[in-house]
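The values are calculated or read from the model by the stated rules, or taken from the named source; none is laboratory data. None of the values given here were measured: they were computed from a predicted structure. Quick reminder, even Gly has a Cβ in these numbers, built from the backbone with ideal geometry, and neighbours come from all protein chains shown.
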Amino acid sequence: MTQRVAVLGLGAMGLPMATWLSKSFEVSGYDLFDQRRQLAAEAGVETVTTARDAVEGADAVLIAVRNRAQLEDVLYGAAGVVTAMKQGAVVILTSTVGVDAVMEVAARLADDGIGMVDAPVSGGPVRAGEGDLLVTCGAYPDVYAAALPVLEAMAGNLVLVGDEPGKGQAMKTVNQLLCGVHIAAAGEALALAGKLGLDQRKALDALMSGAAESFMLGNRGPRAIEAYEGGTPEVASRVDIFVKDMGIVTSAAKSVGLSVPLAAAAEQLYVLGLAQGRGADDDSTIINVVRGEGK
């Protein structure tokens, strides 16, 4: 049974996942930034100062990075943790990086004697800290079995969507199409409520009690209203993450000859937000892109 877990990337999702897993496993956490390592230590997670130190002796290495470039760098670039990992260890990739990236990296890891579970997660930081994430997995059966104790600890809903790496990313791509469109739609709806002179908070309460209710409306709505009123919402999910994710969505759709006009329109809102300097802001601030407010 998996006993020791390394968590590489202690950001908005990695830190709560590491904190939760430390209740059941020996966890060693690493992040590039001292502040994130300090927060992890304060949460009771053992931290180290290099990624290679984190993976030494680990049965499973959970990676929570932003994009493909960071994934490749931590495995084979400057950090180069692959050569420090023990044979038979399993990489659990929780990030959204796209099907092609995962298939290529998984093949390279297999040549090095390391398995990969393609396990992108959804649910947000609060659920990550409660072991209640949606985890959609693609993995070879033996690799999946080896990682199962960690996956079950992370997930409120664990779904094996395919028997090879890449299938988890495919499922997450579908998930992110809906999430990206729903956030944009929530921003449009609440911006319209504001422009029509409605009390946006009352409007949000009313919408959440009827057929228009959605997770993204309820989750992002209060922060979107805060942004509309001139505030600076706490960052739970950045605008530039959805620039990346919606790019993955539209690229995947093009690769199979599928038209996704709603996803494409939402993607352009996030790209415009990035151009306005909102990349590091919470994605709920898309409401101000909709209303035509520059930063």
request  = Being more than 15 Å from Val181 (Cα to Cα) and in contact (Cβ under 8 Å) with a residue 12 or more places away in the chain is the filter here, so list the residues in the range 241-271 that pass it.
outcome  = Ser251, Ala252
Residues within the range 151-178 that are under 22 Å from Leu15 (Cα atoms) and not charged (D, E, K, R), tallied = 10
task = For Gly138, indicate whether it is buried (at least 20 other Cβ atoms within 10 Å of the Cβ) and either touching a His at 6+ places or on another chain (Cβ under 9 Å) or modelled with pLDDT of 95 or more (or both).
result = yes
request  = Taking the residues in the range 27-55 that are within 10 Å of Leu8 (Cβ to Cβ), touching a helix residue (DSSP H, G or I) at 6+ places or on another chain (Cβ under 7 Å) and of a type in the set (A, V, I, L, M) as candidates, determine which candidate is surrounded by the fewest Cβ atoms within 10 Å (Cβ to Cβ).
outcome  = Ala51
ask   = In the range 56-96, how many are surrounded by fewer than 19 Cβ atoms within 10 Å (Cβ to Cβ), among the charged types (D, E, K, R) and in contact (Cβ under 8 Å) with a residue 24 or more places away in the chain?
value = 4
request  = Among residues belonging to the range 104-153 that are small (Gly, Ala, Ser) and without any contact (Cβ under 8 Å) to a residue 24 or more places away in the chain, point out the one that is farthest from Leu21 (Cα to Cα).
outcome  = Ala107
task = Tell me, yes or no, whether the range 218-232 has at least one residue that is under 18 Å from the mean Cα position of the chain (by Cα) and either free of Cβ contacts under 8 Å to residues at least 40 places away in the same chain or crowded, with 18+ Cβ neighbours inside 10 Å (or both).
result = yes
